[in-house]
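One structure below.
The values are calculated or read from the model by the stated rules, or taken from the named source; none is laboratory data. Please read all numbers here as calculations on a predicted model, not as lab measurements. Glycine gets a Cβ as well: all are built from the backbone with ideal geometry, and neighbour counts include every protein chain shown.
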């Protein structure tokens, strides 16, 4: 993948240890674009706001193809910032010294360089592990986990009281916080919500230096002018007044929680992530010592991408007009500027559309000229790209975030703690995969693969049912995104080519896709490895075989570039009334009433008056999924404004005998799928149709009683109740697990005392 760069740099070949011919390509720059030979000492003087570097090599008998690249972190050496770009070609070694470039630029008072590693973490870890000075909660899943801790709950209540969830009385699950989630910052020290601003005094002067001093063996007589720092010193600032609100935080308990969970939070690197940095201007409330709000003015600084190891380097420029607060000229011709160090926010972008922001960090405060900042992204927001042409011995690498193993003799794919059955049903347990068990496929499936053989110029993606003989081109098209300065552009890579398919001796016009994996154009990594985006709704339900084949430029098939994967598509969803429904007629004490009915507790004796406080009610429901991918269904009730209300009987396992479609006869108010085998999936569980006591009209009767033994408290003369039913199916698109439950239309009743 291309290395993204910002600003003016001198790029020089530092070393070459490869038999193959090596070159590097500069594109998107204002000056310096072109292809340069990989000769030691060869130099490019590159200027521009945003541009890219690609290192390419030419295998014996092949064409130039991209090398793997990784960056080393920058350092300040005298008057220069510099760092190396290392590469590894397709030779037999993996030492990343085939061609090494050194990038250098003068240290100036107008340029900031931040660098670090981009990682993802499991949201259930409650907080972002990349912050040292504070507990930072930056997504809704973490928030719900965090407030289970009394210490964190009290801290949130103190600093962000309006963000705590309110009681909900309807059946829908809690809606997430406003999107995008605004991070909550709970400081571990100090008397303010965020660190105080730091001012620095910078003395500078214009320097002139020959290019020969910057770049070894340079032949140019060019003179470089730049605004060099003479001295940088911190300026004392007035402190915030002490805010008693922050004195009330239990810092020791917060720090203990953070230390305890940090080890398990840091999950792994996020290769080839695309991010944007913004400068953040603090609000008046934040400047006065209040907590972080996210409401300050932002200025876009630029876009960058991490390398294959999640490492990144980003440079941004600030003019004196942008940073100036106070200026004075000195007799020696030096300039003195006092300014605040910038606060910056990182934003993770969608690779196919970098204007679509998936995640935003809280600010990193008071950035010096050279600063390491590691970025941690919640796993569900990470848009993971972990499958970069791994040598697994097979072409098809993953469906979404579910990595698939190599096809075995039984027609199964087992590997990476994921299991794909011979008929295409998946169970996934890998840390980056959605956790599903015996699930079918639905929605848009992103099929990733490895076609790195330089001979493959085009590839086809075709499909058929297992019993059919003819392969048909998939009905989906495919677009890819490439870098174009500070943004990406999207292009259709579908084409019609004369290919010798199915053993044909002559080329036949066939729908194909350009193999951009071997292109020297700066395509995004996700685009390079995504071989198809298949919408299951365009295909029949059941087993679908998908085949990828690679072809040369002349239409010949490339030997070994042929693989088939089987996936079980299930586009059957639950529809209210037809597939999931509660009969509006409810029965208590032999009295059947419709929706919004008012029931009176039955009298057992009149003298003294004794009521049947827990009189059973009979509810009729149906939940049916014809394909047998039911995960669970359940009936539950809410009472008045208190929400959930305990019921008998319990939810039971959906256990089937060896033969027959029916479950056991246990009384229940719902059933849940029981997973028995990753490679032998039971598709009997369809819903209430499996209940042995099913009524002739397709409804199943449940007799419900209050778990507490009474519907009403002694001081309650009346209360309203809601009866709800929801169901979840075992579906996945490879990125997300089971979909949001489907809810039946609720039935509302009232219960009163006589």
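Here are a few things to note about the model shown:
- Identity of the residue in the stretch 359-378, surrounded by fewer than 19 Cβ atoms within 10 Å (Cβ to Cβ) and within 26 Å of the chain's Cα centre (by Cα), that ends up farthest from residue 268 (Cα to Cα): 371
- The lone exception for residue 519 - which of (1) surrounded by 15 or more Cβ atoms within 10 Å (Cβ to Cβ); (2) in contact with a strand residue (DSSP E or B) (Cβ under 6 Å, 6 or more places away or on another chain) it fails: (2)
- Every pair of residues 6+ apart whose Cβ atoms lie under 6 Å, when the first sits in the stretch 157-170 and is within 17 Å of residue 181 (Cα to Cα) and outside the structural domain of residue 641 (by TED's automatic domain parsing) while the second is modelled with pLDDT of 65 or more and in a loop (DSSP other than H, G, I, E, B): 159/291
- Taking the numbered list (1) closer than 18 Å to residue 562 by Cβ; (2) modelled with pLDDT of 95 or more; (3) in contact with a helix residue (DSSP H, G or I) (Cβ under 8 Å, 6 or more places away or on another chain) in turn, residue 452 passes all entries but (2).
- Qualifying residue in the stretch 69-87 (condition: under 36 Å from the mean Cα position of the chain (by Cα) and farther than 25 Å from residue 117 by Cβ): no
- Qualifying positions in the stretch 51-67 - in contact with a strand residue (DSSP E or B) (Cβ under 6 Å, 6 or more places away or on another chain) and either surrounded by 20 or more Cβ atoms within 10 Å (Cβ to Cβ) or at pLDDT below 90 (or both): 51, 52, 53, 54, 55, 56, 57, 64, 66, 67
- Residues of the stretch 253-311 that are part of a loop (DSSP other than H, G, I, E, B), at pLDDT below 85 and touching a helix residue (DSSP H, G or I) at 6+ places or on another chain (Cβ under 9 Å): 289 alone.
- Residue 12 surrounded by fewer than 22 Cβ atoms within 10 Å (Cβ to Cβ) and over 35 Å from the mean Cα position of the chain (by Cα): no
- Some residue of the stretch 382-393 being at pLDDT 70 or above, under 22 Å from residue 296 (Cα atoms) and in contact with a strand residue (DSSP E or B) (Cβ under 8 Å, 6 or more places away or on another chain): no
- Strands (runs of 3 or more DSSP E) fully within the stretch 627-680 counting 3 or more residues that are free of Cβ contacts under 8 Å to residues at least 60 places away in the same chain: 652-654, 670-673
- Of residues in the stretch 273-311 being surrounded by fewer than 19 Cβ atoms within 10 Å (Cβ to Cβ) and out of contact with any strand residue (DSSP E or B) (no Cβ under 9 Å at 6 or more places or on another chain), the one nearest to residue 191 (Cα to Cα): 288
- Residues that are over 20 Å from residue 246 (Cβ atoms) and surrounded by fewer than 22 Cβ atoms within 10 Å (Cβ to Cβ) within the stretch 140-165 comprise 140, 141, 144, 145, 148, 165, listed in sequence order.
- Selection within the stretch 580-601 - more than 50 Å from the chain's Cα centre (by Cα), touching a residue at least 24 places away in the same chain (Cβ under 8 Å) and part of a loop (DSSP other than H, G, I, E, B): 589, 601
- Of all residues in the stretch 460-492, those that are buried (at least 19 other Cβ atoms within 10 Å of the Cβ) and within 18 Å of residue 520 (Cβ to Cβ) total 5.
- Restricting 196, 219, 238, 207 to those that are surrounded by fewer than 18 Cβ atoms within 10 Å (Cβ to Cβ), at pLDDT below 70 and either under 30 Å from residue 303 (Cα atoms) or in contact with a helix residue (DSSP H, G or I) (Cβ under 9 Å, 6 or more places away or on another chain) (or both) reduces the list to 219.
- Selection from the stretch 78-95 of residues that are buried (at least 20 other Cβ atoms within 10 Å of the Cβ) and closer than 23 Å to residue 517 by Cβ: 85, 86, 87, 88, 89
- No other residue among 565, 604 is free of Cβ contacts under 8 Å to residues at least 12 places away in the same chain and not in a loop (DSSP other than H, G, I, E, B) apart from 604.
- Of the set (1) within 16 Å of residue 750 (Cβ to Cβ); (2) modelled with pLDDT of 95 or more, all apply to residue 589 but (2).
- Apart from one condition, residue 45 fits all of (1) buried (at least 21 other Cβ atoms within 10 Å of the Cβ); (2) modelled with pLDDT under 95; (3) closer than 30 Å to residue 208 by Cα; the exception is (1).
This table checks each residue for (1) more than 17 Å from residue 11 (Cβ to Cβ); (2) modelled with pLDDT of 95 or more; (3) assigned by TED's automatic domain parsing to the domain that holds residue 308.
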| site | (1), (2), (3) |
| --- | --- |
| 72 | no, yes, no |
| 86 | no, yes, no |
| 90 | yes, no, no |
| 96 | yes, no, no |
| 104 | no, no, no |
| 107 | yes, no, no |
| 110 | yes, no, no |
